[in-house]
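Have a look at the structure below, then the notes.
The values are calculated or read from the model by the stated rules, or taken from the named source; none is laboratory data. Every value quoted in this text rests on a predicted model; they were computed, and no experiment measured them. Reconstructed Cβ throughout: ideal geometry from the backbone, glycine too, with neighbour counts over all protein chains shown. With ligands, DNA and RNA removed, areas are computed over all heavy atoms of the protein, side chains included. Shrake-Rupley method; radii C 1.70, N 1.55, O 1.52, S 1.80 Å.
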Amino acid sequence: MLELIEAQVSYGKAIALHDVSLAVAPSQVVALVGRNGAGKSTTLKAMMGVLPLDRGRRRLFGEDVTNRSVDALSRMGVAYVPENRQVFSGLTAEENLDVAALSHAPGPWTRQRVYDLFPRLHERRTAQGTSLSGGEQQMLVIGRALMTNPRMLLLDEPTEGLAPVIVDQIVDAVREIAASGTGIVLVEQNFQVPRRVAHSFALIDSGRFTWQGGADQITHDLETLLAGFAAH
Amino acid sequence: MTRFWTRDFLIALGLCVLLLAAPLVTRNESVFFLLSLIVIWSIFALAFDFCFGRGGILSFGHAAFFALGAYGYTWATMDLGLGFGAGLAMAILCGAVFAVIVGLVGQRVTGLYFALLTLMLAQLLAIIMVTRLRRFTGGDDGIAGVPRPMFGGIDFFETVNFFWLIAAILLAVVVTMHVLNRSPLGQAIAGLKQNEERARQIGFNTARLRLAVLSISGAYSGLAGALLGALLMYVSPQLLSWKVSGDVLIMALLGGTGTLAGPILGVTLFELLKEVLSSYTEYWYGILGITFILCTIFLPKGVVSLLLGRDKSR
Amino acid sequence: MAIIVVGLSIGMLIFLLAAGLTLIFGMLQVINFAHGALYMLGAYLAYSVAMLTGSFWLTLVIVPLMLLVLGLVIERVTLRPIYDADHVYQVLITFGVVLVIDEVVRFFWGLSGRQFSPAAFLVGSIDIFGTEVSRYRVFVIVVGAIVMTALLLGIEKSRIGLTVKACSVNPDMAAALGIRVERVRMMVFAAGAGLAGFAGAIAGPMLPIQLQMGNAILLDCFTVIIIGGLGNIRGAIVAAFVVGMSRAVGQQWAAEWVDVFTYSLLVLVLLLKPEGLFSKKERTA
Amino acid sequence: MSFSISRLARQALLAAGLVGACTAAHAQDTFRIAGLVPLSGAFGILGENMRRGATIAIEERGGEVLGVPIEVVWDDTETSTQVAIQKATKAMARGVDMIFGEASSTTTLAIMKLAEQRKVPHIVTLSADDRITGADKSRYTFRTSNNVAMEVAALLAFAKNQNLEKMYIVMADYSVGRDLAKILETELPKNGIEVVGTEFVPIGTSDYAIILNKALESGADGLSLVVVGADVATSLKQGADVGLGEKMTVMGLMLMDETQGMVVGERGSVGINSTLRYHHTQDSDRNRDFVAAFVEKYGELPNQYAGEAYDGMSWWLDTVDATGVFDKEAWIDAFEGSVRDSSVEGLKVMRACDHQAEQVALFGTAVPDPSGELPIVMEIAESFEAEELFAPCE
């Protein structure tokens, strides 16, 4: 269980998150939805420890990890896929995967299993990571995150700008990863994608959570409201 | 930047006045020599910092402007037989012209690469001046007998008198720089440092602004070089050494960049430390090094930050 | 033939230094002005180790290790506290380190130059295709080539190399994948220092061991890393040989023009291809 | 800006008048010496030995002259004229009674100008440029050591006696070196020796391998290797790698002595020929005392830099002491024409016309030390009397 408890985060003097609490359990997919600039990515960064908390705590399976560094959190089983992907330039696709395994003990996720999940990556494994197409790069960075054998996975807009057929592949992958026991926080502006996989939702606006609940609690009205965000 | 009498400006003026008042306290000639060095290097450090601290342009090659100033003064006074004023004018011109050349050559190069470019251009100039222009520069031997000024019946070969003159010039440099910084040009330059992209969008010709920064900095550097030549009565291509560029960078950063008082304080601290330490211990050089390291870690905004505090209006 | 041997031996020495310099730049984005001082310290330490143990071979092992440890300390004490500050301050602090190392050398070894001899069979000359060349220089070339190959393989093929590359390219992402970036930085700096120490030890029997030995070669190293491209180790190899050979060939036929030519070339590289002649991709610094 | 300069200059004028009016002479309670020598950089080894030699000269007289203690301040000129001038100017501002140094001729020439302006006696014991006691001579500067002309004369005579046919010249690239090369290029052919090549090398060059190889391949049987400071060790050491001394007759100015031999090692040193300004084997009471004092204090034999420095300093201080007055001009008058029959190098005469000491010149060859203590010792191969080397004063 990865938890953010009453966290406040700010950039300089501007407060970006106000007392936000969010939790994700193993095999769970939590979707974080909101309009552009609402604080979705900031929440994710706060969970990963990329941004320090002004107030509040961060907990991983009951252990307080508020003051742990990013790399320590990664070694404890939290993986992060940033929104602009950040493929390592100068490295091949396969090397991009290998980098992730460097600081982690071997686990169920191997290079082979990532290739099984995304067969396309196997075909492009010797190509420069940065020369891959957008969809391939997205698969690469998800695969790279999986190579750390995470117990918790933070995905920032994995389907942004991708063709529908690729989006389907990503959605299938997310489903499969969750099924294997990993908890996932999925940040999306597009409501349609999380609707297909998420078990619960958090709605964020101006750095505050305005609504949280299970997928079954989403009413038609809410859906319209959420769909409205995506249009912005 | 609303008040004219900022705390920084007042401190810088105070330092100048302190220097000018030194002859009232002591008549020890070697003290004046030390103070003269402080004054001249202060002008040079201010010139460097105009480029780095105000304009945001890092240079490892300021020795070139400095040395060309010294040689310009020497040529004007020794070969052309011109007076002190004309010699200084020539020095300022030489410094500024080479700065413009550097600026034009490096028009498309920015940041660290520009700094390296200035270093290489200075090295190139040094080599050409030593090996190819031996006739004009005296080669490795340099030129001895560089004259000091003669006017008003004052004997400027007296260290004290010469010191008064250059301290007054430092005061003038501080005042003109402050006025310059507050002028529209100075404001534009400040904008250039903060955000070059934005400055361009607002409609400034940033390329021309960079040239202006460099030429002004080169001019002041040339002035400082000329005064050093006159103080030592000697010039040589050693002035072009990259260590000179390194020293001025260290002094400015030690004192605090982007201010008027900082470079003067940095130079003063550097020279005094050198003087005091070397009289107590043979190992002053290393202690100086440790001092730099500690200052960089614990006083990253320079010694001047102790005086300015968080004063935003500087 | 003599020219080639001399040129290659100079090139090897410059490469050993420039490799560390360029790796450190790639990883830390810092131009390490203390690199020449570390090289000089390596040469003096090698002299003392050779005097104390009587073994030339031991110097090649002990000195790099000593410098490696020193590198760890320097990184931890001076650079680590100011990583977040402007890079200019890191350059400044390496200037400070230069002053301290210079003083340490003056303190322990005084002002006069030193010299020591290599192992007996490396003394004297050897006949290669009818010209006599110094045995020691041939040795320098061989050892340099071994180190160069090891370094290249290490960076291109090993886990460590992969780590260093990832951290150089994108330290934040590397951290998010669990890599202890700070530790990698420290290691890279230390490895660079160790290489500088190795270069110093190997230069000891060939070049004069004196206080200013670091300054002269440092400018050559800057030349190499600029031409080769900052942070580019393959570029450094090619550029080191260009510089080494041009020094040798220049001395043979146009001694007075070598420096003019070198610096002009540098200015041109900075103007036309600031990322270096041998870089495929653009780098920002 | 010009406005403020002139206004401030007027104020400076007023103040200068005030300051000038109350300048008072102060009583002399010490004899102050500024020792300006390079202690670091390429010439560091020279300066350190000069300091040692001069220190013995001061200590042997109990650290006093004219009944007052001698206060000597050694300043490291860092092998840089720039720095030397800075320190000389400061020393003179401090009000010293004499200046001792420097090593480099360039620097000495620059310091001379300052000394003349400030009317401070200036003793030179190493710089050999002819201009110091020639074109640029000054009332305040004296040279107690050899000049280039006499060294070259010795070198030419030696080369001739060796029956060499072809000479290659490797010359340090500085003003004295450029002059020297011209002299050698004109004078060697007159002695029947062809000059097959001349190479100028910047001071501080770390790799002489290519240049020495050029000399080896030039077909010359003689090499005039005129390098200075740390370059001596560099070039000879790298020459040893390719057997330079065995293949050519290598000769130079102050190229080899016992100290240098320790740095270069036996292999590179044996067979090297060089002028010797001073040699510790000189058979005289004063020299034996000096060598003993030097060995006791520093644990090694004095080299030429130390010997010459000792000689100049002790000669000057003896002369100053004999005047009995604290008057710089009187000292200078006394030193002009002074005869030193007990110098560590035999008879020396300070010429009044140009302030150059007349003395013998020595030429030595490095041979293995029979006792095995040192890598090499110098054997005096030729000795030239002052009359052969100097034109009489006009």
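Observations on the structure shown:
- Of everything in region B:65-83 that is of a type in the set (G, A, S), in contact (Cβ under 8 Å) with a residue 24 or more places away in the chain and in a helix (DSSP H, G or I), the residue that is farthest from B:M150 (Cα to Cα) is B:A67.
- Here B:F114 fulfils each of the conditions (1) within 13 Å of another protein chain (Cβ to nearest Cβ); (2) modelled with pLDDT of 90 or more apart from (2).
- Test result for A:R85, in contact (Cβ under 8 Å) with a residue 24 or more places away in the chain, closer than 27 Å to A:Q112 by Cα and touching a Gly at 6+ places or on another chain (Cβ under 6 Å): no
- Only one entry in D:I203, D:I183 is assigned to a helix (DSSP H, G or I) and either over 24 Å from C:G113 (Cα atoms) or open to solvent by 10 Å² or more (accessible area, probe 1.4 Å) (or both), namely D:I183.
- Residues (open to solvent by 10 Å² or more (accessible area, probe 1.4 Å), over 23 Å from B:I101 (Cα atoms) and among the small types (G, A, S)) located in region B:208-259: B:G258
- Test for D:V232: is it in contact (Cβ under 8 Å) with a residue 40 or more places away in the chain and within 20 Å of D:F363 (Cα to Cα): no
- Residue that is farthest from the other protein chains (Cβ to nearest Cβ) [pool: residues in region B:233-262 that are touching a Ser or Thr at 6+ places or on another chain (Cβ under 7 Å) and in a loop (DSSP other than H, G, I, E, B)]: B:G256
- Single residue of C:A150, C:A166, C:A191 found to be within 14 Å of chain A (Cβ to nearest Cβ) and either farther than 30 Å from C:Y44 by Cα or open to solvent by 20 Å² or more (accessible area, probe 1.4 Å) (or both): C:A166
- Exclusive hit being in a loop (DSSP other than H, G, I, E, B) and open to solvent by less than 10 Å² (accessible area, probe 1.4 Å), set B:S42, B:S36, B:S59: B:S59
- Considered as a group, the residues in region D:285-298 that are in contact with a helix residue (DSSP H, G or I) (Cβ under 9 Å, 6 or more places away or on another chain), in contact (Cβ under 8 Å) with a residue 60 or more places away in the chain and open to solvent by 10 Å² or more (accessible area, probe 1.4 Å) include one that is farthest from the other protein chains (Cβ to nearest Cβ), and that residue is D:A293.
- Meets criteria (more than 10 Å from every other protein chain (Cβ to nearest Cβ), under 18 Å from the mean Cα position of the chain (by Cα) and open to solvent by 70 Å² or more (accessible area, probe 1.4 Å)) for A:E123: no
- Any strands (runs of 3 or more DSSP E) falling wholly within region A:1-117 and containing at least 2 residues that are modelled with pLDDT under 90 and open to solvent by 40 Å² or more (accessible area, probe 1.4 Å): A:14-24
- Evaluation of B:A70 against (1) within 11 Å of another protein chain (Cβ to nearest Cβ); (2) crowded, with 24+ Cβ neighbours inside 10 Å; (3) under 26 Å from C:L265 (Cα atoms); (4) not acidic (D, E) (one fails), failing number: (3)
- If you filter region C:96-124 down to residues that are farther than 15 Å from C:M40 by Cα, in contact with a helix residue (DSSP H, G or I) (Cβ under 7 Å, 6 or more places away or on another chain) and touching a residue at least 60 places away in the same chain (Cβ under 8 Å), you find that the one that is farthest from the other protein chains (Cβ to nearest Cβ) is C:A119.
Rundown of residues vs (1) outside any helix (DSSP H, G or I); (2) touching a residue at least 60 places away in the same chain (Cβ under 8 Å); (3) buried (at least 24 other Cβ atoms within 10 Å of the Cβ); (4) not assigned by TED's automatic domain parsing to the domain that holds D:R52, yes/no style:
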| residue | (1), (2), (3), (4) |
| --- | --- |
| D:E78 | yes, no, no, no |
| D:Q86 | no, no, no, no |
| D:I99 | yes, yes, yes, no |
| D:R131 | no, no, no, no |
| D:A135 | yes, no, no, no |
| D:R139 | yes, yes, no, no |
| D:A157 | no, yes, no, yes |
| D:L164 | yes, yes, no, yes |
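- Residue in region A:148-163 that is closer than 23 Å to A:F61 by Cβ, buried (at least 20 other Cβ atoms within 10 Å of the Cβ), touching a helix residue (DSSP H, G or I) at 6+ places or on another chain (Cβ under 7 Å) and among the hydroxyl-bearing types (S, T, Y) present: yes
- Output for region B:120-172, where each listed residue is in contact with an Asp or Glu (Cβ under 7 Å, 6 or more places away or on another chain) and more than 8 Å from every other protein chain (Cβ to nearest Cβ): B:V130
- Checklist (1) crowded, with 24+ Cβ neighbours inside 10 Å; (2) among the aliphatic types (A, V, I, L, M); (3) more than 19 Å from the chain's Cα centre (by Cα); (4) in a strand (DSSP E or B) applied to D:A91, failing item: (4)
- Selected residue [in contact with a Pro (Cβ under 6 Å, 6 or more places away or on another chain) and under 30 Å from D:E165 (Cα atoms)] from D:G252, D:G261, D:G271: D:G261
- Here C:Y39, C:Y89 are screened, and the one residue that is in contact with a Pro (Cβ under 9 Å, 6 or more places away or on another chain) and either facing chain B (nearest Cβ under 10 Å) or not acidic (D, E) (or both) is C:Y89.
The rows are residues; the columns are (1) closer than 20 Å to C:G110 by Cα; (2) part of a helix (DSSP H, G or I).
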residue	(1), (2)
D:L36	yes, no
D:A57	no, yes
D:E71	no, no
D:A115	no, yes
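- All of C:I209, C:I227, C:I217, C:I179 fail the test of being more than 9 Å from every other protein chain (Cβ to nearest Cβ) and either modelled with pLDDT of 90 or more or over 18 Å from C:A50 (Cα atoms) (or both), apart from C:I227.
- Single residue of region D:214-225 satisfying the filter (open to solvent by less than 10 Å² (accessible area, probe 1.4 Å) and touching a helix residue (DSSP H, G or I) at 6+ places or on another chain (Cβ under 7 Å)) that is nearest to D:K160 (Cα to Cα): D:G222
- Some residue of region D:312-323 being touching a Leu at 6+ places or on another chain (Cβ under 8 Å) and closer than 20 Å to D:M254 by Cβ: no
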